[in-house]
Each structure stands twice: as C-alpha cells, then as structure tokens.
C-alpha cells in the first residue's frame, strides 16, 4: 500500500466510524402493519421548553399533555405503549432514539407544536424520514384534518434525528402553531388536546388493525387539569 493510499484510508476512517455510530441498530424494519408497541414521545421537557409563545405557552407542557392522552387511548385500544417521558424532565435526543429502537415490533410517534415568526402561519404538519413511515404519516395527517377549522400544513420528509435514526417506522406530528393566535389558544385548551390525541390514536389503531375499528372516548372533552405552567422567560429553542 502506497503512502498516498494509506493516508486516504486514514482520513476516511473517522467518517466511516461516524457513519456506523449513527446508523439504526440492526437495520430498519418495516413494522407498520405488524407493530404491537407504540413509543409515544412528548417533545422537549425539563430545561428544554421548546417553543414559547404568549398565545400557546410552553411547548413542553402541551406536548406532554397530548402525549399522556394519546398513551391512554392507545392502551385502551389494547396496544402496548412506552413513553419517552412521563413528567417535565429533560430527555436528550440520543436517549429518545435509544428508547424507540429498544422496543421491538414498534412504531414511534413524536408530539410537537410548531412556531413561526409569521403569526398568520398555521396548520397541522406530519413528518417522516423512511419510506416505510409515509403511510402512517399520511393517515395521521388526514385524521387531524377532520378537526373543525383545521388547516393542512402537509406531510413532509424531514431529517430530524429521532426520525433519521429510527429502526422502525417513525413520525413526528406538529399539532399546530403556538405563534398563531387561534392555534396557540387551542393548544392551551384541554378539550382540543383531547381531540388531537383522539385523532392521532385513531390513525395509529387503524394503521395496525384496519379502518373502522377504533372506538374513541364517549366524551372527547377532557377532565380538568391542574395548572401546569406559570410566568417565566422564553427559553432558547432546541435544535432538533
């Protein structure tokens, strides 16, 4: 091996190692029709508040509430669930990836709320990375759009870490814009959060068991929740 060839190999080695380190363990598996576990991911948490807007409050509060409701509805539909966080605690992106990939025969659903400098921007958006996640993403988006006065922000490919490194189908749902006066106000409303969870649960259950099998709560309106947020400074936004 010449010196030039040896040098080229040495220079390429770190890149190869890095690529191995971030690849999904065991290779991606399409469990979109066979899954029995749903990893429910409440975005942000703890020191990472996510977006923070006067209309919608802290994103981490809204995501946890919707995730808890979604978790309950999925368990009522006889699916096993794992939550990446159950309280207002910080969970790193690498930890979230580890949790989602540790669950065999699963799908991953990450709950977020959006933010924009333009206060008129609004709408639900659903993101995917792998082709095996497209069907679930489209199904969730279409169910959300049945909520009255909803706006369609579309289904999009994204390179978010929790999607890119997933070993199983994974989607990220943006449940409206906290920066929009109306959608921000809805994000604070318990009944609206219940509706969000209900539509996402319906999509997930139908993805697994077929159309028409989901039975939502008899009353979508949520039970009153204790106060979970108060005054504070807007935190820095986490880079996803």
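We did not get these values from a lab; they are worked out from the coordinates using the rules stated. As the structure is a computational prediction, the values presented were derived from the model and not from experiment. Cβ sites come from the backbone with ideal geometry, for glycine too, and all protein chains shown count toward neighbours.
What FRET efficiency would be calculated for the residue pair residue 138, residue 89, taking the C-beta separation as r and a Förster radius of 35 Å, to the nearest 0.05? Each step should come with its number before you reach the end.
Details: r = 32 Å, r/R0 = 0.91.
Result of the calculation: an efficiency of 0.65.
Using packing as a proxy for protection, rank 104-117, 194-207 so that the peptide with the highest average count of other Cβ atoms within 10 Å comes first.
194-207, 104-117
Give me the number: length gained by fully extending residue 157 to residue 36, i.e. 0.36 nm times residue separation minus the C-alpha to C-alpha distance, one decimal in nm.
Stretched out fully, the residue 157 to residue 36 stretch lengthens by 41.1 nm.
Report the extension gain between residue 54 and residue 149 in nm, rounded to one decimal, defined as 0.36 nm multiplied by the number of residues separating them, less their alpha carbon distance.
Taking residue 54 through residue 149 to full extension adds about 32.1 nm, to one decimal.
If you average the sequence gap of Cα pairs under 8 Å that are 6 or more apart and divide by the length of the range 35-209, what percent do you get for the contact order?
Averaging sequence separation for qualifying contacts and normalising by length gives 30 percent for the range 35-209.
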